[in-house]
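See below for the structure under consideration.
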Amino acid sequence: MTIENSVKKVLILDFGSQYTQVIARRVRELNIFSEIIPCTRNCSVQDLTNVEAVIFSGGPASVLDDDSPAFDIAWLKTKIPTLGICYGMQLMSQMLGGKVASSKKREYGATALEIIDNSDLFEGFALDKNLQVWMSHGDHVVEVPSGFKVLAKSESIPMAAMGNKADQLYALQFHPEVFHTERGGEIISNFLIKIAKCDTSWSADGFIHTFNKKIQSMVSPEQNVLCALSGGVDSTVAAVLIDRAIPGQLKSIFVDNGLLRKDEAQQVYKRLGVEGLGLDVKLVDARERFLTALRGVTDPEKKRKIIGSVFIDVFEEESKSLQNVKYLVQGTLYPDVIESVSVKGPSATIKSHHNVGGLPEKMNFELIEPFRELFKDEVRRVGEALNVPTEIIKRQPFPGPGLAVRILGEITQDKIDILQEADAILVEEVKRAGWYEKLWQSFAVLLPVDSVGVMGDGRTYEKCIAIRAVESQDGMTANWAYLPEKVLGIISSRIINEVSGVNRVVLDISNKPPATIEWE
Ligand code: XMP
């Protein structure tokens, strides 16, 4: 079950651009709901129910190729305001009888734009001003379709923007959604708010209200909904949302796999259960079971698979004791489900590690995914509106396999103990320094190397801990964080002094890409 069908929205047709998600973010920043659909889905005009505006993304294809992706031209006759970006502009032009030519070489980077017509898409922009915009294209429009006016040109192309007011069709050769385009947000806002008059009332309260109505009509009073809680933001907010909508019908299970942070299982149980948020949650101690299953395993993907499958077994066994469960709730987020399209067909890039180990396929439940269309910051807003405590809402993401992907090599209880202690110090100091909320993630990693040290008069041969702290918007790319030297110094000396078995601390200064955030 998703909630998107009943709300007014902007539809983003994805032609495979690397920036499609960024377009969605820009739209959401204006408090307008948006949905991305792949161009390879067989879209028809029926898909436009409740759609207030359409955006065609860019894409790597060329409209001059025979098998380039297209769409139902009937869309362009509906007078629903439509904006084509890059490939979207070329496609719009070609389908309506304009002409597209191939440049000899790709134009990539910042270019100066000269606005020729500032009547609506560029309202508020000066005509004589050169605006820095971001281009990334091979082809470009050389003749606009009839009924269109050229709205802007650039140093390299004479038709960098076009518009047809009567049919509400607009297009840009450059990317207004990217950070490098000056005032790009204003151009998008002009299109969505001034031209398309989109509903800008998307709010957490509105979302909760719509969701409540939907779930109350879907789940009958004798049915129960099951939730696998992880203690993270998404599953917690999803659980609270449902619990408040259909009180008494949500049953949650929280599995302690032994791979959580220090004291975390008890803390989470306290925060979410009767003493905290009041959820009906069962804490299952499965630490031994996970440890046994992981014995001798060093391959990271094998570790993930084992953890996923033991989790399913435990969860399945526990759920059997519950009555009348028909639904399973999952805190899946939008970035986890977006399909990135290749021109040859959709290629689902759902990260296997972000699914709760295939629970729904194995168990006979219907899925409820309230946040399937939301970004993480929007889930946080929903959480705030539901009065979920800040320490849960602001919690940094924590991977499902937990410390297993931060202990390189085989997992043993001794190593878990060492890492938990070191990590607890790191988190405490990062919080004390006021850095916790500025970082996407910060944690300790236990390396599979022992190195020589001196302690007192003797030589030691002990473990090494790496400090990993990154800044990121969504975890897809990340930069290592410049934690103050003083904070690093305190973390290092505390770990070496207080965690027995560790004699060296190093700092990970790698960005993603090419490194990943986790070490395994
Ligand atoms: P990487 O390491 O791929 O991580 O740069 C990106 C984000 O995903 C998290 N992550 C995981 N989350 N199960 C999860 O639930 C996993 O197996 C897993 N691996 C990485 C990681 O913590 C970061 O936020």
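The values are calculated or read from the model by the stated rules, or taken from the named source; none is laboratory data. What you see is a predicted model; the values in this text were computed from it and never measured. Don't worry about glycine lacking a Cβ; one is built from the backbone with ideal geometry, like all the others, and counts go over all protein chains shown. Accessible surface areas use protein heavy atoms only, side chains included; no ligands, DNA or RNA. Shrake-Rupley method; radii C 1.70, N 1.55, O 1.52, S 1.80 Å.
Go through (1) assigned to a loop (DSSP other than H, G, I, E, B); (2) under 35 Å from the mean Cα position of the chain (by Cα); (3) of a type in the set (Ser, Thr, Tyr); (4) within 18 Å of Gln420 (Cβ to Cβ) for Tyr482 and report which single condition fails.
(4)
Looking at region 81-96, which of its residues are in a helix (DSSP H, G or I), touching a strand residue (DSSP E or B) at 6+ places or on another chain (Cβ under 7 Å) and in contact (Cβ under 8 Å) with a residue 40 or more places away in the chain?
Hits for region 81-96 are Gly88, Met89, Gln90, Leu91, Met92, Ser93.
Run down Ala469, Ala444 and say which single residue is in contact with a Ser or Thr (Cβ under 6 Å, 6 or more places away or on another chain), under 30 Å from Pro513 (Cβ atoms) and either open to solvent by less than 30 Å² (accessible area, probe 1.4 Å) or within 16 Å of the ligand (Cβ to nearest atom) (or both).
Only one candidate qualifies: Ala469.
How many residues does region 297-350 hold that are open to solvent by 30 Å² or more (accessible area, probe 1.4 Å), modelled with pLDDT of 90 or more and more than 22 Å from Glu222 (Cα to Cα)?
Total satisfying the criteria: 11.
If the requirement is being surrounded by fewer than 18 Cβ atoms within 10 Å (Cβ to Cβ), in contact with a Ser or Thr (Cβ under 9 Å, 6 or more places away or on another chain), farther than 23 Å from Ala286 by Cα and free of Cβ contacts under 8 Å to residues at least 60 places away in the same chain, which of these qualifies: Gly434, Gly453?
Gly453
What single numbered condition from (1) part of a helix (DSSP H, G or I); (2) over 18 Å from Gln173 (Cα atoms); (3) in contact with a strand residue (DSSP E or B) (Cβ under 8 Å, 6 or more places away or on another chain) fails to hold for Thr40?
(1)
Of the residues Ser442, Ser492, Ser451, which single one is modelled with pLDDT of 95 or more and touching a helix residue (DSSP H, G or I) at 6+ places or on another chain (Cβ under 6 Å)?
Ser442
Starting from region 195-215, keep only residues that are farther than 19 Å from Val10 by Cα, then list their pairs with residues that are surrounded by fewer than 18 Cβ atoms within 10 Å (Cβ to Cβ) whose Cβ atoms are within a distance under 9 Å, requiring at least 6 positions of separation or different chains.
Going by the 9 Å Cβ cut-off, the qualifying pairs are Asp205/Ala385; Ile208/Arg244; Ile208/Ala385; Asn212/Arg244; Lys213/Ser6; Lys214/Met1; Lys214/Ser6; Ile215/Met1.
On the given criteria, is Leu283 touching an Asp or Glu at 6+ places or on another chain (Cβ under 7 Å) and free of Cβ contacts under 8 Å to residues at least 60 places away in the same chain?
The answer is yes for Leu283.
Out of the residues in region 456-466 that are open to solvent by less than 80 Å² (accessible area, probe 1.4 Å) and part of a strand (DSSP E or B), which is farthest from Lys486 (Cα to Cα)?
My answer is Gly458.
In region 48-66, is there at least one residue being in contact with a strand residue (DSSP E or B) (Cβ under 7 Å, 6 or more places away or on another chain) and either modelled with pLDDT under 85 or open to solvent by 50 Å² or more (accessible area, probe 1.4 Å) (or both)?
Yes, region 48-66 contains a residue that is in contact with a strand residue (DSSP E or B) (Cβ under 7 Å, 6 or more places away or on another chain) and either modelled with pLDDT under 85 or open to solvent by 50 Å² or more (accessible area, probe 1.4 Å) (or both).
Please count how many residues of region 78-107 are loosely packed, with under 13 Cβ neighbours inside 10 Å and more than 21 Å from Leu151 (Cα to Cα).
The number of residues fulfilling the criteria is 3.
Considering only residues of region 410-429 that are assigned to a loop (DSSP other than H, G, I, E, B) and surrounded by fewer than 22 Cβ atoms within 10 Å (Cβ to Cβ), which is nearest to the ligand (Cβ to nearest atom)?
In this case the residue turns out to be Glu410.
Only residues that are within 16 Å of Gln330 (Cβ to Cβ), open to solvent by 30 Å² or more (accessible area, probe 1.4 Å) and assigned to a helix (DSSP H, G or I): list them for region 215-233, please.
Result: Met218, single match.
Give me a count of the residues in region 485-510 that are free of Cβ contacts under 8 Å to residues at least 40 places away in the same chain and within 16 Å of the ligand (Cβ to nearest atom).
Total satisfying the criteria: 2.
What is the residue count in region 370-409 for residues that are within 16 Å of the ligand (Cβ to nearest atom), surrounded by fewer than 20 Cβ atoms within 10 Å (Cβ to Cβ) and farther than 25 Å from Leu426 by Cβ?
Qualifying residue count for the region: 1.
Which numbered condition in (1) open to solvent by less than 70 Å² (accessible area, probe 1.4 Å); (2) within 16 Å of the ligand (Cβ to nearest atom); (3) in a strand (DSSP E or B) is the only one that Gly475 fails?
(3) is the only condition that Gly475 fails.
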